[in-house]
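A quick write-up on the structure given underneath.
The values are calculated or read from the model by the stated rules, or taken from the named source; none is laboratory data. None of these values were measured; they are calculated from a predicted model. When we count neighbours, we look across all protein chains shown, and the Cβ atoms used for this are built from the backbone with ideal geometry, even at glycine.
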Amino acid sequence: MFEFKLPDLGEGIHEGELLQWHVAVGDTVKEDDPLCEMETDKAAVTIPSPRSGTIVSLNAEPGETIDVGHVFVVIDDGSGEGAGTSGSPPEAAAPEPGPAKDAEAPAPEAAPQTAPAAKESGSGNRVLAAPATRRLAREMGIDIQTVSGTGPGGRVTPEDLKAHDSGITGDATPAAAVADPGTPAGDNDIPEVPEPASLVLEPGGGAGIPFLEITGIPEPDGPVERTPFRSLRNKVAVKMTSSSILIPHVAHMDEIDVTEIDELRKTYNSRLESGDSQGKLTLLAFVVKAVAAKLKAYPMFNASVDLAANDIVYKKFYHIGFAADTPRGLMVPVVHDADRQSLAGVGYRIRHLAEKARTGDIGVPELTRGTFTITNVGAIGGTHVFPIINSPESAILGLGRVEKKPVVLDDEIRIRKMLPVTLCFDHRVADGAQAAAFVRDIKTMLENSLDFMSQI
Amino acid sequence: MAKINMVQALNTTLHDVMTEDDTVLIMGEDVGVNGGVFRVTDGLYEKFGRDRVIDSPIAEAGILGTAIGMAIAGLKPVIEMQFSGFSYEMMHQMEGNASRMRNRSRGQFTVPLVVRMPYGGGVRALEHHSESKEVFYAHTAGVKVVIPSSPSNAGPLLKAAINDPDPVVFMEPKRSYRSFKETIQPGEYTIGKAEVVTPGEDITVVSWGAMMRDTLKAADMVRSERGASLEIIDLMTISPMDAATIIASVKKTGRCVVVQEAQQSFGPASEIIALINDQALMYLEAPVKRVTMYDVIMPLFARELMYLPSKEKIVRAIQETLDF
Amino acid sequence: MPLDIIEKFEISRLSILDENGRVDDALVPDLPDDKLVSLYEAMTLSRMMDARMLNLQRQGRLGTLPVCTGQEAAFCPAVLAIRDTDWFVGSYRELGARLMRGETLANALMLFNGYEEGNVNPVNDRTLPISIVLGSQLPHAVGLAYGSRLKGEKDIVALTIFGDGSTSEGDFHEGLNFAGVLNAPVVFLCQNNQFAISTPRSIQTRSETIAQKALSYGIHGIQVDGNDALAVYKATKEAVDRARAGGGATLIEAVTFRMGMHTTADDPTRYRTDDTVETWEKKDPLIRFRKYMTEKGIWDDGKDADLEKRIKADIDTAVKEFEKGVEAKPDAPFDYVFGTREAIIEEQRARFLADLEKEGNHG
């Protein structure tokens, strides 16, 4: 039995109108005998029989429209029940399964095909992250949706992932000299500081450190609010804990008479065109310049301890970070090559970076590769501050509030503007005498404006 | 060794190739007695005669159509479209025949020929003389599109095109024809292979043709300004594109800028970005930027430099991509 | 300063065998009997295969198809006038000519069922595949003729076939012009079948004849009765001999008629009347050639019946064989993009094959 389906008679014809049958049920036909007249959008044509045999049924009336593919004639061609249909030109032989043997095609990139759909589609709000960071998250087994971003525009950065990773890892604050694959390496490449082994903070544990006991807190006896350690707070926590555990801190304190340098500062600022607030200098700029200048004589305060290599790495470049309190927490923007920039340039960079940190527009390159940090609580108050070293640096300078104080000068009591400073340093690389000398030299420089001018 | 410009490099190559291989034949408008309007075919007519250096009627379809026959018959025609702006007159021969004869005949007939054409802006030319339409040909399966960028690579690439088994559209950046000379640096130049001109770590910059000069200058500026390490790739073959070289580079740097003289949309830059999207997305630290002409009719020369990619635009794109 | 006539041109029309089978003895070409018989057989095969393919298309067993019934004398004799080593550069409405060049019935069945493999001539490597873009093959013929000559084959010619519609294309003019200036040994054979789909010859060109267009390019031109196999043979033979001897190219206009539709997607009743068709039925090239051979005593009804039977059997066999299935590698198109192996193509081939495995073969 042969079922004749209406073929596509033109190029892309979908139906035809039956005009006239040339045969009736029971007629005997030979192959190519005319069966009927059919009209399509393109032409009226005679359709010849594809088989020899007897007409079994005619499935349409003249005037009727037939769809292409519809069985409109059945012919008994002696081939038995349901033996065949028409309208299907011979098909190509089945393909060899699998890719061509000799195809030297590059292997398709695996990563994009193993879609992380389940992991990342949990929340309607997708977090922002560069694809490279998403790949890193996948490799680290972190659901990136659960990570809060500290990068520009709230983007998740590789550092965020590391901070998020369980336990303590080094290099957790944005200011750390973490090797960011996307960060341009400068001329001053230094050996990477390896991350200290992860410390597991769990109740009852001690992370292998003798005498260290970590316990849960007793059930609070009163109303509380619990907040998970998240995001920047978590990073600061990890960073500070590891720094204070791993680095033997020593603090050296002093007071600097900044009366003269402050006069100089005010004179400079008053000469700026009105409205050029960007050009105004802060005391911090003077301190940054003085520190950068003196670090060259005291390389132990511009160094890192490479535990893995058992080396002390003395850096020949002077990138001074300054701690900034931002709505999202502590950040340490870095004034790169502070020694090579003018005082005005440093002043401008400080303002500019502080503003970017405040608005969240600051980029990873501007938060990394610092070699020395200054933290300034003076704007708020307090005499001395005991800062924790911004690992893997070897020293940090804390500035207190400038206060007018009675000071004995030339055997007279005078009112001078005094800046309290504390140098915290890593006792592994430096000793107290060096610290005292370093601070003394900074003090001398800042107390004498001519001295300052000649050395920056 | 004396320094030569791109025209001299191409001319020398044609002299050499025609001496070595007597199936190589030149045909085009004013290519014989006149030596070509840019003098690329200078001296060939005198040396090889009118049978092999044919001054043709002004009929681009006739030139390519006849060359297709010659190629099937066993010659290696190197034909010239006087300017790429006139090559559209032969587009049906390219798309309809040259590109498909191998496929149509299941390999029985092939069309190894080279269509040379000067292209591109920056030379204060008339209308139709300044466009970069490499994508017209690159979008035709079966056609290879090659664009040299310097005297050093122009000769070897032309020779490779002549010896290639397929139709090759060889687009010559006329802005670079005489703008600089160099001592020819020997190098391996293969069709289908891009060249890493300068290796680097921080960002990949891909370009080709006349834009290579501006790209290299822009890269120098960024390098000295911020000490960044730039990897510069000269694409050289537009189609079939060397995805492997681009992808390997972008996987390393995580950042990429593509500089294309042609207008923005649907061009090779878009294709490069699509390839990166397919094969290196997860390595990206920043969106890939393109520096291109705008999607306008190429302006006459009073305005052209405003519209073409410039060193400054390239520098900005690189800086923004690094800072992202 | 007189107004002088500086050039005068004339165009000849050649006709040897009339509708009643009578010949002009003075013009009859020198063709041996066996050649006459084989020419008739070729024209009959063309006619019968054309009809059979039309039926197969109507039955859904072939795709869109151009038909050539009624034009057999315009193309078959031309092939008889060239050598196997000459170039044959056809269009798509010269089935019998292609079969004479060595293509098989399977070639035609494959091609019109959508397999490029049908374009591969199994025995002759100087027969180009069909050319669908009108007129674009004319410059190819010029280049082939010139190329073979430059390669040292001094006596090679190229024969190219096209229709009256093609003469409006730029490629026609550029091809003839290049043949003229290069003095290329080419024979341009125009099958003027009166229609370009629906557009009649009268509005295709204002020229009185197509043949006269040759004069603009400094090549020879002649019009012949395209339903007269002897005239087409003689005109082609003379043109081929002249070209071979270095005398340049010729444009032959063979006046004939497309009895069927342009392609199976076309309905000729929309643009021409039955009267016209009936007029041309009387001029059928096969009938008059059969009468001529019968008159000559080399043919009779018995032989004719035998021939038809033999051809029908051959076609039946070919169709049956073809419908068993075509050996066609699904990824063959990737093999013929470039002559070199390119990573970007191979990557896509691998993806294609993987997709094919996932989705099944929709051939």
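Quick notes on this structure:
- Exclusive hit being of a type in the set (S, T, Y) and at pLDDT below 85, set A:T326, A:T375, A:T371: A:T326
- Inspection of the range B:272-286 finds no residue satisfying the criterion of being crowded, with 24+ Cβ neighbours inside 10 Å and farther than 19 Å from B:G200 by Cβ.
- Within the range A:47-70, considering residues that are in a strand (DSSP E or B) and in contact with an Asp or Glu (Cβ under 6 Å, 6 or more places away or on another chain), the one nearest to A:A24 (Cα to Cα): A:I55
- Test: residue in the range C:316-326 that is away from every other protein chain (no Cβ under 14 Å) and not in a helix (DSSP H, G or I): no
- Selection from the range B:68-84 of residues that are within 13 Å of chain C (Cβ to nearest Cβ) and in contact (Cβ under 8 Å) with a residue 12 or more places away in the chain: B:I68, B:M70, B:A71, B:I72, B:G74, B:L75, B:K76, B:P77, B:I79
- Per the listing B:F136, B:F83, B:F109, the residue uniquely of a type in the set (A, V, I, L, M, F, W, C) and in contact with a His (Cβ under 8 Å, 6 or more places away or on another chain) is B:F83.
- Flag if B:A194 is small (G, A, S), within 14 Å of another protein chain (Cβ to nearest Cβ) and surrounded by fewer than 24 Cβ atoms within 10 Å (Cβ to Cβ): yes
- Listing of helices (runs of 4 or more DSSP H) fully contained in the range C:184-289 that carry 3 or more residues being of a type in the set (D, E) and more than 17 Å from the chain's Cα centre (by Cα): C:274-281
- Single residue of the range B:33-52 satisfying the filter (in contact with a strand residue (DSSP E or B) (Cβ under 9 Å, 6 or more places away or on another chain) and within 12 Å of another protein chain (Cβ to nearest Cβ)) that is farthest from C:R149 (Cα to Cα): B:F48
- Inspection of the range B:115-123 identifies no residue that is surrounded by fewer than 22 Cβ atoms within 10 Å (Cβ to Cβ) and charged (D, E, K, R).
One line per residue, one yes/no per condition, for (1) touching a strand residue (DSSP E or B) at 6+ places or on another chain (Cβ under 6 Å); (2) crowded, with 18+ Cβ neighbours inside 10 Å; (3) in a strand (DSSP E or B); (4) at pLDDT 75 or above:
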site: A:G10; (1), (2), (3), (4): no, yes, no, no
site: A:E17; (1), (2), (3), (4): yes, no, yes, yes
site: A:G26; (1), (2), (3), (4): no, no, no, yes
site: A:E31; (1), (2), (3), (4): no, no, no, yes
site: A:M38; (1), (2), (3), (4): yes, yes, yes, yes
site: A:F72; (1), (2), (3), (4): yes, yes, yes, yes
site: A:E81; (1), (2), (3), (4): no, no, no, no
site: A:S88; (1), (2), (3), (4): no, no, no, no
site: A:E96; (1), (2), (3), (4): no, no, no, no
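- Qualifying helices (runs of 4 or more DSSP H) (wholly inside the range C:27-137; at least 2 residues being more than 25 Å from C:K329 (Cβ to Cβ)): C:33-58, C:72-80, C:95-100
- Matching residues, the range B:273-317, being more than 10 Å from chain A (Cβ to nearest Cβ) and of a type in the set (S, T, Y): B:T292, B:Y294, B:Y307, B:S310
- The residues of the range C:335-349 that are within 19 Å of B:I238 (Cα to Cα) and more than 7 Å from chain B (Cβ to nearest Cβ), listed by number, are C:R341, C:E346, C:E347, C:Q348.
- Elements of type helices (runs of 4 or more DSSP H) contained in the range B:1-83, each with 2 or more residues being over 22 Å from B:S99 (Cα atoms): B:6-20, B:44-48
- Looking only at the range B:39-75, and only at residues there that are touching an Asp or Glu at 6+ places or on another chain (Cβ under 7 Å) and among the charged types (D, E, K, R), the one that is nearest to B:P112 (Cα to Cα): B:E60
- Of all residues in the range A:373-388, those being farther than 19 Å from A:V236 by Cβ and either buried (at least 22 other Cβ atoms within 10 Å of the Cβ) or in contact with a Ser or Thr (Cβ under 7 Å, 6 or more places away or on another chain) (or both) number 1.
- Subset tally (residues that are surrounded by 24 or more Cβ atoms within 10 Å (Cβ to Cβ) and at pLDDT below 95) for the range C:58-80: 1
- Leading residue by the ranking (modelled with the lowest pLDDT) among those in the range A:231-275 that are farther than 30 Å from A:A436 by Cα and charged (D, E, K, R): A:E273
- Per-region count, the range A:129-154, residues part of a loop (DSSP other than H, G, I, E, B) and either modelled with pLDDT under 90 or more than 14 Å from chain B (Cβ to nearest Cβ) (or both): 8
- Which numbered condition A:S454 misses (of (1) surrounded by 15 or more Cβ atoms within 10 Å (Cβ to Cβ); (2) polar (S, T, N, Q); (3) part of a helix (DSSP H, G or I)): (1)
- Residue list for the range C:104-116, filter: touching a Leu at 6+ places or on another chain (Cβ under 8 Å) and either at the interface with chain B (Cβ under 8 Å from one of its Cβ atoms) or under 25 Å from C:P185 (Cβ atoms) (or both): none
- C:R258 fulfils the conditions (1) more than 30 Å from A:I13 (Cα to Cα); (2) away from chain A (no Cβ under 14 Å); (3) not small (G, A, S) except for a single criterion, (1).
- The condition (being among the β-branched types (V, I, T) and more than 25 Å from B:M241 (Cα to Cα)) is satisfied by just one residue among B:I68, B:I79, B:I147, B:I63: B:I63.
- When we screen C:L36, C:L27, C:L17 for residues that are under 28 Å from C:T317 (Cβ atoms), touching a residue at least 40 places away in the same chain (Cβ under 8 Å) and not hydroxyl-bearing (S, T, Y), the only hit is C:L36.
- Pairs, first within 8 Å of chain A (Cβ to nearest Cβ) in the range C:265-278, second polar (S, T, N, Q) and surrounded by 10 or more Cβ atoms within 10 Å (Cβ to Cβ), C-beta under 6 Å, six or more apart: C:A265/C:T64
- Check on B:R106, modelled with pLDDT of 95 or more, in contact with a helix residue (DSSP H, G or I) (Cβ under 6 Å, 6 or more places away or on another chain), surrounded by fewer than 21 Cβ atoms within 10 Å (Cβ to Cβ) and within 10 Å of chain C (Cβ to nearest Cβ): yes
- Matching residues in the range A:298-332 - criterion: being touching a helix residue (DSSP H, G or I) at 6+ places or on another chain (Cβ under 7 Å) and either buried (at least 24 other Cβ atoms within 10 Å of the Cβ) or touching a residue at least 40 places away in the same chain (Cβ under 8 Å) (or both): A:Y298, A:M300, A:F301, A:N302, A:Y318, A:I320, A:F322, A:R328, A:G329, A:L330, A:M331, A:V332
- The set of residues from the range C:138-161 being in contact with a strand residue (DSSP E or B) (Cβ under 9 Å, 6 or more places away or on another chain), surrounded by fewer than 24 Cβ atoms within 10 Å (Cβ to Cβ) and part of a loop (DSSP other than H, G, I, E, B) comprises just one member, C:I156.
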